[in-house]
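Novice: Sharing a structure with you now.
Every read-out reported here was derived from the displayed coordinates using simple, explicitly stated rules and does not represent laboratory data. Predicted model only: the values in this text are computed from it and were never measured. We place every Cβ from the backbone using ideal geometry, glycine too, and count neighbours over all the protein chains shown.
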Amino acid sequence: MSGAREVKDDRKYTRDHEWAVTRDAAVIVGITAFAVDQLGDITLVNLDVEVGAQVEAGKAFGTIESVKTLSDLFAPVSGRVTRINSSLADHPELVNEDPWEAAWMIAIAPSGAEAGALLDPAAYRQYLDEQG
């Protein structure tokens, strides 16, 4: 599956079309190809957190702006921010070019078990089908 309906099997997903993958004891967060397709050309990524900040699952940690709209970015898990992808400030187009790798947003050291609201790849595919 490619394009807007692409779903990576190594990640978990939110109903806000964000992905989360655990690497080196941190949860890396980004937005899905479906979200990118819905947003259009990304013009600004504003990450409202700093390294060391605490984030809460389901709460906004920044915004993403496109030619179509402004959307909040939500943390999929609670924990401490360990890294921020600062290249997105100068190169928001990375989100359109490579939402799965180069355009990761933040890394979180989770404070507990992953939030139960995260969808596995099969459940996210089903959710996309329900969205039309």
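Novice: What fraction of the Cα pairs in the range 18-132, stated in percent, has a spacing above 18 angstrom?
Specialist: Working: 3133 of 6555 pairs.
Tail fraction, whole percent: 48.
Novice: Just to verify a number: FRET efficiency for Val51 and Arg15, C-beta to C-beta distance, R0 = 30 Å, to 0.05?
Specialist: 0.65
Novice: Check cross-link reach from Lys8 to the aspartates and glutamates: straight Cα distance under 17 Å, and skip same-chain residues fewer than eight apart.
Specialist: Those aspartates and glutamates meeting the cut-off are Asp16, Glu18, Asp37, Glu97, Asp98, Glu101, Asp120, Asp129.
Novice: Given points 7 Å out from each Cα along the Cα-Cβ axis, report the Asp98 to Thr63 separation in nanometres with one decimal.
Specialist: Here the answer is 2.8 nm between the modelled labels.
Novice: In debye, nearest 20: dipole of the chain around its Cα centre with unit charges on the Cβ of K, R (+) and D, E (-)?
Specialist: 340
Novice: Can I ask one more? With a cut-off of 8 Å between alpha carbons and a minimum separation of six or more residues, what is the relative contact order of the chain in percent?
Specialist: Rounded, it is 29 percent for the chain.
Novice: Report, by chain and number, residues whose modeled amide H sits under 5 Å from the one on Ile42, excluding near sequence neighbours (fewer than 5 apart, same chain).
Specialist: Excluding prolines and chain starts, which carry no amide H, the hits are Asn96.
Novice: Determine which lysines satisfy two conditions relative to Lys59: a Cα distance under 22 Å, and not lying fewer than 8 residues away in the same chain.
Specialist: Reachable lysines: Lys12.
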